Amino acid sequence: MNPHIYQFAIAGEIMGTFYEALVGKDLNGKPTNTALAESWVASDDGLTWTVKLKPQLKWADGSRLTAADVVASWKFLMGSKAAGVALNSTAIVDGVVKSISAIDDNTIQIATAYPTQSILNRIAILPQKVWGNIGYDKVTDFQNPAPIVGSGPFTLTNWTRGQSVTLERNPYYRGPGPFLKEVRLLHFSNPDAAVQALRSGEIDYMTDVPINQVKALGEVPNIVAKPFQSYRTVYLGFNTSTGKGAGSTPALADPAFRDALSYAVDKQALVARVLQGYGTPATSMLVPAYGALYPDISDIVHPFDLALAKKKLAAAGYVDSNGNGLIEDKQGHDIHLRLYIPDVETTYPAIAQFLTAWFRQVGVEITTTVVSEASLLSNVADPAKGGGNYDMLIWFWEAAEPTFPLSVFQTSQIGGLNWSFWSDPKYDRMYEDLRRTLSVEKSAEIAEKMVRKLYTEGPYIALYYPATLHAYRTDRISGWPDSPVPPLMTGIFPNPTVTKLKVKQ
Amino acid sequence: MICLMELGLGRIIAALVLGAVIVAALVPTALVGPLENIVTATGAPMSPPSAAHWLGTDEVGRDVLNLTVHSARITMLVALFASSLSMALGTAFGVIAGYARGTTDALMMRVADFFLVLPAFVLALVLAPLAIEMGGAQGTIMGLRPTLMVTVIVIGITSWAGTARIVRSQTLSLRSRPFVDRARVIGASHGRIICRHILPNLISLIVANTILTIVAAIWIETALSFVGLGDPFQPSWGTMLFYAQQAGSAGAGAWWYVVTPGFAIVLVVVSLYSLSHAGPVARRRKTT
Amino acid sequence: MFLLRKLASAILTIFVISALGFFIFRAMPGDPERMLIGAAQGITPELLAQIRARWGLDAPLFPDQFLSYILSLARGDFGYSFKFRGETVLGVIGPRMMPTLLFVGTAQVIAMVVGLWIGSRAGWRQGSILDRFGSSLALAAYGMPTFWLGMLLLIVFAAWLSWFPVTGLANIEQTNNFQQWLGIAWRSVLPIATLAIAQTGQYVLLMRAAVVEVSKEDFVTTARAKGIGSNAVLRRHVTPNARLPIVTLISLNVGFILAGAITVETVFSWPGLGLLTVEAMRARDYPVMQALFLIFAVSIVLANLVADLLYARLDPRVSR
């Protein structure tokens, strides 16, 4: 439970119930004062934020939470790069935040290198009583044992690695809520077991209901089982490298080739058959759950049309001239693509089978290999250093922060997260603009431009946004949200639901 | 008498079962049509047995009977190749050790003991993911995708030691027989003695042992596939059970999806045992 | 002398296994350091290099990494888990030990008592109803994959009859009150029953074969001829002599038990070493896999050692 090094979304979600940031976020991605800050005001040039904390904030042990805690938490991150450690939020402040200082117990001033707001809600404020003693040399090994004191609605009182977490109400929470005295989160490695436990009333809520059990579960009295929006985009990515580590054909690096292939993907069918309808066909890496930052590009969305795909391929110079059923690239070689899928995702073989069938009809052969994530990660490593050597992959991105999926395609991320090795200076500049934007409206405008560029020239085909399936009991607990965002795994901090749930009398 | 008749009947049934499985493995397409995938699936997901789908459907609507019959081919092919490899390794190792005697024998048997101690499944579980990623080759080898060929090799190299032990002790006793001495006196080479005099006398032992090796191979393959090391594009019975588990069919009561592949495994294993008229064979170790 | 030689050979085997473990896991493709970071935002090549250095991944494989590996093992230090960042391998494995010992141990005791009893009865009265039923059922139980039996029990007793919960220990807090212990026991019924039934089958078959063999021997015929009651002959003359091969077979059986435990824990999501093995394998958590491999291998070697010693005790001819 160390916010600096956690990797799993669930850990972030749990930590969100006891560690808070300065500013909260609502369902539309707009900043809210539901977290520690009462108000935050930018200077005229946009380079300095003055943040006022809510009055009389307390940690869960009753001691005061002051501006000093905030400043120390931020400063620790700001110094992490120089100290040579990579923490989860290092990149968020690196090169952005110039200085931070406490004006008084309740007021903080933050100077940034360029105008930006996206930093205020992303850095957890940690009690310096505990974290002040942890240096850079120890921070990545620090396990943060229970009980964990934070400022959020709950404190963590017990925790068994990979099995369970117990949260108790923070008596000093500023309110409203929480009404639940204790919340216990259990890990079931077998979703079946969780479904049974929910049916029998052993548990009140579960995430990740298996697709083919949602319907039956929803028919049980007092149980609601339904799809919610997730932050995940499943995509088909191409290796667009042209130098070392290039794919099996130069056609992969040709935007026209990739664009033509996207007409041969029936996203509706994938959603209907692979997800049994629990999802939405995707247009980009930005998901509908981002609210204002989900761009509408329906005017340029490609239809599923195999004949058109063939025509586009021919127009781009890819035709079957030797009549063997496969189209040839410009060097005259048959196009035979190697598709890699990670073994932990059991729905991807089904996608691969559909793609194989459709691509075959436009003259492209696919051979699929199932590999471990570790092995796939070595394929997407820097092509100059042994990465590459694949043609296509199916994988996903999932992030609550809308700028993240866009950051992936920067040139500077080759060797990092730019797994397609795609590079476009114009795109890089747009991303810099996005980072320096203050208003949500302006961000949405730039994001849409970026997405349009990715849709027509980008290195991937976004396949679908899978829904996340959750189920809960209504006979014991009330206060379940009526929103497209699930009760847990919202990616929205502070979580809008946990403080509203009540045990029925 | 009654007992004998029963044994006879049991063996007839066993032979019939195996015959049916072999037919399924040889011509699955003629029996149930080509292997269904999600694109060509014919049913609604997870529907119970009906007139159209005698054994129900799986989580994407594929016919379970179709899958089971096609999986017979993969399961049996993997088991056959793996046990052949294991038998070849074990026999070669055992014959050489038993024939050479002395220090060579002692050293070779220490190696065999090492493999005997390490259970094949645990070793295979460790080796398979590694080997699957190394064997990234495309296409198919002898009708199997590279992933499965890796499984074959892993099972082969982890399960030969028992055979080597048995073959070695038999070779030791054959070597001291008069006909071997006679052959040597007339100047036959070692190779000739092994091929002409020793191997032919080992055949019945090898055949009896092969059946048990096949059973072991089926088990290991099933268990490996069940923990997710199978190939989704060439399902075996173990792979089917893996997907049944992933789709939560046990908890959902989708018995047809769980029972069918498992029952096929039990039928084959029990039939093979009946034919070799042995239970788990007591491989007694010599405590020298 | 015999004991010493056995001990030396066991130690040698363990050393070879450790070395094997090292090379197998270092040969694995994929970049462990990338698994270490996961998909954290803003990875730069410099950060990757730092992580390599921190985890000792940039030292030469041999002898540097190998030597430090052997030294660490000697200290009982298995390094850090890749999947659970910052957690030691022992810290990950430790809590999983008890559930597996509990599960495998209980199942073994049940299987041995029931299996050996049925087996000796069946072997003593060949062709009797007990023999025919017992042997056929035992063969079926032995022939089926253990995890499949678990799935069947789940369908019948959890999905249809709802007598038992689907899961293993996962959602029980460590508390000392009786109610909770009862809860743990209740959850353990199906997984333990699965492993016990599968193992019983094997013991029945082995014991039956051993008894059949022994009862052909002269001293048994003599004892019977002397008019000693049939049960007494079985108890006093046959069973003690049938014990010998059984001891050896049980020790050879440890691998089979382990395989069963690994797959059955997966079915019931029983939070033991078996489930951890599968989880670690899927996450390619090399250090954890390596430690588990060593634990399994060493426990098998030890089981064999114990069997050898037992054998020597039971059969004085062995210790020359």
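One residue stands out in the range B:19-36 among those that are open to solvent by 40 Å² or more (accessible area, probe 1.4 Å) and in contact with a Pro (Cβ under 9 Å, 6 or more places away or on another chain): the one that is farthest from the other protein chains (Cβ to nearest Cβ), namely B:34. Scanning the range B:55-72 for residues that are open to solvent by 20 Å² or more (accessible area, probe 1.4 Å), touching a residue at least 40 places away in the same chain (Cβ under 8 Å) and assigned to a loop (DSSP other than H, G, I, E, B) turns up B:55, B:59.
Assess whether residue C:135 counts as being under 22 Å from residue C:243 (Cα atoms) and either in contact with a Pro (Cβ under 8 Å, 6 or more places away or on another chain) or within 14 Å of chain B (Cβ to nearest Cβ) (or both). Answer is yes for this residue. Out of curiosity, is residue C:275 surrounded by 24 or more Cβ atoms within 10 Å (Cβ to Cβ), facing another protein chain (nearest Cβ under 10 Å) and within 30 Å of residue C:158 (Cα to Cα)? Yes: the conditions hold for residue C:275. Within the range C:90-140, the set of residues being more than 26 Å from residue C:186 (Cα to Cα), among the small types (Gly, Ala, Ser) and open to solvent by less than 20 Å² (accessible area, probe 1.4 Å) comprises C:119, C:120, C:122, C:123, C:134. You will find that of C:232, C:242, the residue that is open to solvent by less than 20 Å² (accessible area, probe 1.4 Å), within 14 Å of chain B (Cβ to nearest Cβ) and modelled with pLDDT under 80 is C:242 and no other. Residue selection: residue B:52 satisfies the criterion of being of a type in the set (Gly, Ala, Ser), away from every other protein chain (no Cβ under 12 Å) and open to solvent by 10 Å² or more (accessible area, probe 1.4 Å).
Restricting the search to helices (runs of 4 or more DSSP H) fully inside the range A:285-393 and requiring at least 1 residues that are open to solvent by less than 30 Å² (accessible area, probe 1.4 Å) and farther than 24 Å from residue A:260 by Cβ gives A:348-361, A:373-379. Only one of the listed residues (A:472, A:465) is part of a strand (DSSP E or B), crowded, with 22+ Cβ neighbours inside 10 Å and touching a Ser or Thr at 6+ places or on another chain (Cβ under 8 Å). That residue is A:465.
Residues A:235, A:263: which one is assigned to a helix (DSSP H, G or I) and either out of contact with any helix residue (DSSP H, G or I) (no Cβ under 8 Å at 6 or more places or on another chain) or at pLDDT 95 or above (or both)? Only one candidate passes the filter, namely A:263.
State yes or no: is residue A:82 more than 15 Å from residue A:42 (Cα to Cα), within 14 Å of chain C (Cβ to nearest Cβ) and over 26 Å from the mean Cα position of the chain (by Cα)? Judged against the criteria, residue A:82 is a match. Sub-9 Å Cβ pairs linking a first residue in the range A:131-147 that is of a type in the set (S, T, N, Q) to a second residue that is open to solvent by 80 Å² or more (accessible area, probe 1.4 Å), at least 6 apart or interchain, are A:140/C:54, ordered by first then second residue. Does the range A:459-495 hold any residues that are without any contact (Cβ under 8 Å) to a residue 60 or more places away in the chain and under 22 Å from the mean Cα position of the chain (by Cα), and which are they? Scanning the range A:459-495 gives a single hit, A:481. Within the range A:163-194, being closer than 24 Å to residue A:226 by Cα, without any contact (Cβ under 8 Å) to a residue 60 or more places away in the chain and either away from chain B (no Cβ under 14 Å) or not polar (S, T, N, Q) (or both) holds for A:184, A:186, A:187, A:188, A:191, A:192, A:193, A:194. Residue count for the range A:174-184 satisfying the condition of being touching a strand residue (DSSP E or B) at 6+ places or on another chain (Cβ under 8 Å) and open to solvent by less than 40 Å² (accessible area, probe 1.4 Å): 3. For residue B:228, indicate whether it is part of a loop (DSSP other than H, G, I, E, B), farther than 17 Å from residue B:84 by Cβ, of a type in the set (Gly, Ala, Ser) and modelled with pLDDT under 90. Taking the combined requirement at face value, the residue does not satisfy it. Here the range C:6-18 is the region considered, the condition is being of a type in the set (A, V, I, L, M) and free of Cβ contacts under 8 Å to residues at least 12 places away in the same chain, and the residue that is farthest from residue B:122 (Cα to Cα) is C:8. Within the range A:350-378, the residues that satisfy the criterion of being within 14 Å of chain C (Cβ to nearest Cβ) and under 12 Å from residue A:339 (Cα atoms) are A:369, A:370, A:371, A:376. Looking across the range B:231-249, the residues that are assigned to a helix (DSSP H, G or I) and among the polar types (S, T, N, Q) come down to B:239, B:245, B:246, B:249. The set of residues from the range A:35-50 being in a loop (DSSP other than H, G, I, E, B), out of contact with any Lys or Arg (no Cβ under 8 Å at 6 or more places or on another chain) and not charged (D, E, K, R) comprises A:35, A:43, A:46, A:47.
Listed here are the residues, each with its yes/no results for (1) more than 14 Å from chain A (Cβ to nearest Cβ); (2) surrounded by 23 or more Cβ atoms within 10 Å (Cβ to Cβ); (3) among the charged types (D, E, K, R).
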site	(1), (2), (3)
B:190	yes, no, no
B:196	yes, no, yes
B:206	yes, no, no
B:211	yes, no, no
B:234	no, no, no
B:242	no, yes, no
B:255	no, no, no
B:261	yes, yes, no
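Pairs linking a residue in the range A:415-441 that is under 20 Å from residue A:383 (Cα atoms) and part of a helix (DSSP H, G or I) to a residue that is at pLDDT below 90 and not basic (Lys, Arg), with Cβ atoms under 9 Å and 6 or more positions apart or on different chains, are A:428/A:412. Listed by position, the helices (runs of 4 or more DSSP H) inside the range B:73-175 whose residues that are within 26 Å of residue C:262 (Cβ to Cβ), open to solvent by less than 40 Å² (accessible area, probe 1.4 Å) and touching an Asp or Glu at 6+ places or on another chain (Cβ under 7 Å) number at least 2 are B:146-158. Just one residue in the set B:36, B:6 is among the charged types (D, E, K, R), within 30 Å of residue A:349 (Cβ to Cβ) and modelled with pLDDT under 90; that residue is B:36. The numbered conditions (1) touching a helix residue (DSSP H, G or I) at 6+ places or on another chain (Cβ under 6 Å); (2) part of a loop (DSSP other than H, G, I, E, B) are all true for residue A:400 except (1).
Residues of the range A:266-284 that are under 24 Å from the mean Cα position of the chain (by Cα), surrounded by fewer than 16 Cβ atoms within 10 Å (Cβ to Cβ) and not in a loop (DSSP other than H, G, I, E, B): A:268, A:272.
The values are calculated or read from the model by the stated rules, or taken from the named source; none is laboratory data. As the structure is a computational prediction, the values presented were derived from the model and not from experiment. In this analysis, Cβ positions are derived from the backbone assuming ideal geometry, glycine residues included, and neighbour counts consider all displayed protein chains. These area figures cover heavy atoms from the full protein model, side chains too; ligands, DNA and RNA do not enter into them. Shrake-Rupley method; radii C 1.70, N 1.55, O 1.52, S 1.80 Å.
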